[in-house]
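*Asks:* Before anything else, here's the structure in question.
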Amino acid sequence: QVQLVESGGGLVQAGGSLRLSCEASGRTFITYDMAWFRQAPGKEREFVAAIRRSGGNTYYADSVKGRFTISRGNAKNTVYLQMNSLKPEDTAVYYCAAAPSIVVVTTPKGYNYWGQGTQVTVSS
C-alpha cells in the first residue's frame, strides 16, 4: 500500500513558476513508476508527465514539453513537478499517481495509487 500526498499548488500569474511535490509513504517508493496528471473543471483527467522507477526515463505531454520537468528523489520518497512559463490553460487540480510497473504511462487506469490533488490556478 502506498499513500501519496501532494503539495505546492497555488495561485500564480501567467509566466510564473511553481514546484509541486508528491511524498509517498512506504519503503518501496523506489520500485514505483510515478506520474502527474491534471483535471480541469468539466474535462477528463489528462496526462502531464511520468518518470520511471530508475529516474532514467521521463515522458511529457506535448502541451507541457519544454516548460515542465519531472524528477524524483528516491531518498526522500518524493517526486517533483517543476512548472515554468505557466499559462492560464495549465489551471487544474494536479494529481500524483504511482504504479509498480506500467507499460503505457499516459493512461490513468494503469495506476494503482493516487493522491488527493493540489489546485494550480494561473491568472492571465
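The values are calculated or read from the model by the stated rules, or taken from the named source; none is laboratory data. The structure presented is a predicted model; accordingly, all values stated were derived computationally and were not measured. Cβ placement follows ideal geometry from the backbone for every residue including glycine, while neighbour counts extend to all protein chains displayed. Each accessible area value is taken on the protein alone, full model and side chains, heavy atoms only, with ligands, DNA and RNA left out. Shrake-Rupley method; radii C 1.70, N 1.55, O 1.52, S 1.80 Å.
*Asks:* Can you give the accessible area of E89, probe radius 1.4 Å, in Å² rounded to 10?
*Replies:* Rounded to the nearest 10, the figure is 130 Å².
*Asks:* In addition: Which residue, T78, G117, A35, has the largest displacement toward the positive end of the dipole of the range 22-124 when charges sit on each Cβ (Lys, Arg +1; Asp, Glu -1)?
*Replies:* My answer, from the dipole projection, is T78.
*Asks:* Let me know the longest stretch in the chain that avoids all trypsin sites (Lys or Arg not before Pro) found in a DSSP loop with at most 13 other C-beta atoms within 10 Å.
*Replies:* The longest uninterrupted stretch comes out as 66-124.
*Asks:* How about K76: which aspartates and glutamates have a C-alpha closer than 17 Å to its C-alpha, ignoring those fewer than 8 places off in the same chain?
*Replies:* In chain and number order, the partners are E6, E23, D33.
*Asks:* In the chain, carbon and sulfur make up what percent of the accessible area (probe 1.4 Å)?
*Replies:* Summing carbon and sulfur atoms, their accessible area is 48 percent of the total for the chain.
*Asks:* Something else: Using every pair of alpha-carbon atoms in the range 7-77, split the distances into 10 Å bins beginning at 0 and state the percent of pairs per bin, rounded to integers.
*Replies:* Pairs per bin, as whole percents: 17, 47, 30, 6.
*Asks:* Just how large is the dipole of the chain about the Cα centre, in debye to the nearest 20, putting +1 at every Lys and Arg Cβ and -1 at every Asp and Glu Cβ?
*Replies:* In total the dipole reaches around 260 debye.
*Asks:* OK, next. Compute the orientation-averaged projected area for the chain from the convex hull of its Cα atoms and round it to one decimal in nm².
*Replies:* The directionally averaged projection comes out at 6.8 nm².
*Asks:* Please sort by residue number the chymotrypsin sites (Phe, Trp or Tyr not before Pro) in the range 24-108 whose DSSP state is loop and whose Cβ has at most 13 other Cβ atoms within 10 Å.
*Replies:* Listed in order of number, the matching sites amount to none.
*Asks:* Using a cut-off of under 13 Å, list every residue of the range 20-40 whose amide N is near the label point 7 Å from the Cα of N112 along the Cα-to-beta-carbon line.
*Replies:* The answer is 26-34.
*Asks:* Largest first, how would S21, S71, S124 line up by accessible area (1.4 Å probe)?
*Replies:* Sorted by accessible area, descending: S124, S71, S21.
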